[in-house]
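The values are calculated or read from the model by the stated rules, or taken from the named source; none is laboratory data. All of these numbers come straight from a predicted model, not from anything done at the bench. Heads up, the Cβs are rebuilt from the backbone with ideal geometry, glycines too, and the neighbour counts pull from every protein chain shown.
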Amino acid sequence: MECTLSRDADLVTTISKPDGAAQIRKLRCMGGDTIQMAGLRPAEVEGCRLAEPVDVDAVVCAERERILVINGELSACTLAEPTRFGPLGLPAGTAVTYYDRYLSTFRLPPRGASVDAFGLSLPAGTEASYCYRKEALEHLSVNKAAFVVIEGVKLTGWIDFDCGSFCDGQLFEDTVVSGRRRQQGERVSREDLSPQNGG
């Protein structure tokens, strides 16, 4: 099911096109790294670290990063070049995962410019998770040294959303919220930031 390659090797996997047609693709996998073989197709690779980029349905997966193909569908890779997913533009170096052909999560590169998405400015290193089969946020994970601004308030760490609507998050700094001073690290809710909507 897995082994460590002694040198770079060309291995094959089956990747299904959006129309359902299956295609055999070659992956150049890096020597010195562990590969995973597909359990139901023992002659095919499921995951490896790429020795050279590979294009999968207009998504170019980066060399020296891992790719994962499960049941004929791209499951995970790191972008080799800037890529658009509907209204969302992600920079090269972003790690993405898919579920049932839908973008499921992404992690921005640890260094670089912020990315405008979902009406927010996401700092480098931010991780995001989508709601099931929707282009809407389930949560964000922001480096504690950085923040996003929601309703004029700086939030950091784990921030929850209800398929796009902000639920609650952690204060980046001491902040006056609804007329009351709240401490750095305290969690605040949608109702705290928008008391006219309840709370």
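Worth a mention:
- The selection criterion, being more than 15 Å from the chain's Cα centre (by Cα) and either in the same structural domain as Leu137 (by TED's automatic domain parsing) or not aliphatic (A, V, I, L, M) (or both), does not hold for Gly93.
- Arg182 free of Cβ contacts under 8 Å to residues at least 12 places away in the same chain and surrounded by 14 or more Cβ atoms within 10 Å (Cβ to Cβ): yes
- Of the strands (runs of 3 or more DSSP E) lying entirely inside the range 61-118, those containing at least 1 residues that are of a type in the set (Asp, Glu) and touching a strand residue (DSSP E or B) at 6+ places or on another chain (Cβ under 9 Å) span 73-78, 115-117.
- Strands (runs of 3 or more DSSP E) completely within the range 4-43 that count 1 or more residues being among the hydroxyl-bearing types (Ser, Thr, Tyr) and modelled with pLDDT of 90 or more: 9-16, 34-37
- Some residue of the range 77-84 being modelled with pLDDT under 90 and surrounded by fewer than 11 Cβ atoms within 10 Å (Cβ to Cβ): no
- Considering the range 139-169, and only residues there that are of a type in the set (Asp, Glu) and modelled with pLDDT under 95, the residue that is surrounded by the fewest Cβ atoms within 10 Å (Cβ to Cβ) turns out to be Glu151.
- Neighbours by Cβ (under 8 Å, 6+ apart or cross-chain): first from the range 116-145, closer than 18 Å to Thr78 by Cα and in the same structural domain as Phe166 (by TED's automatic domain parsing); second outside any loop (DSSP other than H, G, I, E, B) and basic (Lys, Arg): Gly125/Arg107; Thr126/Arg107; Glu127/Arg107; Ala128/Arg107
- Filter result for the condition that a residue is free of Cβ contacts under 8 Å to residues at least 24 places away in the same chain, over 22 Å from the mean Cα position of the chain (by Cα) and more than 26 Å from Arg111 (Cβ to Cβ), over Ala38, Ala43, Ala21: Ala21
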